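S.K.: First the structure, then my questions, so here it is.
Bear in mind that the values in this text are calculations on the coordinates, not laboratory data. Treat the numbers as computed from the prediction; the structure is a model and nothing was measured. Glycine gets a Cβ as well: all are built from the backbone with ideal geometry, and neighbour counts include every protein chain shown.
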Amino acid sequence: MTLFIDPPAWPAHGTLFSHLVSDGSLQELRLFARAAGVPDRALDLDHYDVPAERYDDLVAAGAVPVEGGDLARRLAGSGLRVSGAERNRAKRAALLTGWDTLWADPITARGAGEDLVDRWREPHRVYHTTFHLAAALDAFDVVAGESGVAERELWRARLALWFHDAVHDGVAQQDEERSAELVAELLGPLSGAGVTSEDIDETARLVMVTADHDPAPDDVVGGLVSDADLAVLGGSPVVYTRYTHQVRAEYCDVPDPLFRAGRSEVLRTLLSGGPLFRTAPGTTRWQTAAESNLRTELTLLTP
């Protein structure tokens, strides 16, 4: 694994910025950046933006200087690159535009949407970011298109996806519980925008479905939310491998033996818990690939 940095050439905030990338490990990239005093907030999905004043320091610390075109090619070949289209869908403005479409009175609800997006943009996150939120919302459209579910129920499900990782401190079950509690906190004041107590209770319930991804057989809406959250598991091998790098980097401080053991247990649980996807479109599109991806990762994690 090698780290690369291009010359400061990208203007912003009154200075020029370089890009710092890895050719194979987001975890090592994050550890290097932290050791060099580069703040977590400088990570932009697949690279760090670092000001010109830090260029010489980072080269001295071990980053290999290359020209911008070479850096772009190395990032593209690393398997870590986030495409321009993916990046655009995950931008704050794009997500807030999508949030606005959920409301008859977008102005009244905008504050709640901004709060949520800011939570998804917290600097300690690497996978559970606006990138995951945007991908889950896209996946929801795939599975919900022919579900036959009433529009109000689909609206609640979309809200649940907005909330489902709004709190993410890396504590299983507790994160989902606190995210579910946030539903009442942010949506409770929006009764004037048409939010009812039933909407709040059902949205919070759907958030909790993502804690174990085991909705009841007759919980059609819960299946839609669960499938959208898990869709990344059924991505192409390249997409899935990038996802595993993002997860590892999010827990970069966890020692490798502990991470391998914990992650292996998660994978075994997913593989032994019955069908991963509960909707017909989700099963058709993602089930086979997901099983293959999970088994491949488990093999790589097993000594």
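S.K.: So what's the angle, to the nearest 10 degrees on a 0 to 90 scale, between helix 68-78 and the longest Cα principal axis of the chain?
M.R.: Once rounded, the angle reads 50 degrees.
S.K.: What does segment 97-244 give for Rg and for Dmax, in Å, if only its C-alpha atoms count?
M.R.: Values for segment 97-244 (Cα only, Rg and Dmax): 14.6, 46 Å.
S.K.: With bins 5 Å wide starting at 0, give me the P(r) of segment 175-303 over every alpha carbon pair, in whole percents.
M.R.: Histogram of Cα-Cα distances, whole percents per bin: 2, 10, 16, 18, 17, 14, 10, 7, 3, 1, 0, 0.
S.K.: Using amide H atoms built 1.01 Å from N in the peptide plane, name the residues 5+ places from residue 168, or on other chains, whose amide H lies under 5 Å from its own.
M.R.: Here nothing satisfies the definition.
S.K.: A follow-up question, please. Which of rounded, prolate, oblate describes segment 35-100, given a ≥ b ≥ c as roots of the alpha-carbon gyration tensor eigenvalues and a/c under 1.5 marking rounded, otherwise prolate only if a/b is larger than b/c?
M.R.: In terms of gyration-tensor shape, oblate.
S.K.: Choose one answer from 60, 93, 184: the residue with the largest mean-square fluctuation in a GNM of the chain with alpha-carbon springs under 10 Å.
M.R.: Ranking 60, 93, 184 by mean-square fluctuation puts 60 first.
S.K.: Collect residues whose amide H, placed 1.01 Å from N in the peptide plane, falls under 5 Å from the amide H of residue 16; neighbours closer than 5 in sequence don't count.
M.R.: The answer is 52.
S.K.: Per residue, what volume in Å³ does the Cα convex hull of segment 34-163 take up?
M.R.: Dividing the Cα hull volume of segment 34-163 by its residues yields 131 Å³.
S.K.: Among 56, 227, 214, whose mean-square fluctuation peaks in a Gaussian network model of the chain (Cα, cutoff 10 Å)?
M.R.: Maximum fluctuation in the GNM of the chain, among the listed residues, is at 56.
S.K.: Separate question: Roughly what would the spin-label model give for residue 61 and residue 197, points 7 Å off Cα along C-beta, in nm?
M.R.: 5.3 nm
S.K.: How much of the calculated P(r) for the chain lies past 37 Å, in percent of all Cα pairs?
M.R.: Of all Cα-Cα distances in the chain, 19 percent exceed 37 Å.
S.K.: Let me ask you something else. Among 226, 25, 236, which one shows the biggest mean-square fluctuation in a GNM of the chain, springs joining Cα atoms closer than 10 Å?
M.R.: Sorting by GNM fluctuation, first place goes to 236.
S.K.: When you count, for each residue, the other Cβ atoms within 10 Å and take the mean per peptide, how do 147-153, 131-137 rank with the highest first?
M.R.: Ranking, from highest mean packing down: 131-137, 147-153.
S.K.: Let me ask something else. Tilt of helix 130-144 relative to the longest C-alpha principal axis of the chain, in degrees (0 to 90, nearest 10)?
M.R.: 40 degrees
S.K.: What FRET efficiency, computed as 1/(1 + (r/R0)^6) with R0 = 25 Å and r the Cβ-Cβ distance, is obtained for residue 108 and residue 169, rounded to the nearest 0.05?
M.R.: Efficiency computed from Cβ-Cβ geometry: 0.25.
S.K.: What nm distance separates the two modelled labels at residue 220 and residue 146, each placed 7 Å from Cα along Cα→Cβ?
M.R.: The modelled label-to-label distance comes out at 1.4 nm.
S.K.: While we're on this one: For the chain, what does the helix formula give at 222 nm: sum of -39500 (n - 2.57) over DSSP H segments with n ≥ 4, over the residue count, nearest 500 deg cm²/dmol?
M.R.: For the chain, the value works out to -17500 deg cm²/dmol.
S.K.: Can you tell me the orientation of helix 237-250 relative to the chain, as the angle in degrees between its alpha-carbon axis and the longest Cα principal axis, to the nearest 10?
M.R.: 80 degrees
S.K.: Evaluate the distance, in nm, between pseudo-label points positioned 7 Å from the Cα of residue 53 and of residue 40 along their respective Cα→Cβ axes.
M.R.: Those two pseudo-labels are separated by 2.3 nm.
S.K.: Non-local amide H neighbours of residue 24 (under 5 Å, H modeled in plane, Pro and chain starts lacking H): which ones?
M.R.: 2
S.K.: Which stretch or stretches of segment 102-117 have amide N atoms under 18 Å from the point lying 7 Å from residue 185's Cα along the Cα→Cβ direction?
M.R.: It comes to 110-117, nothing else.
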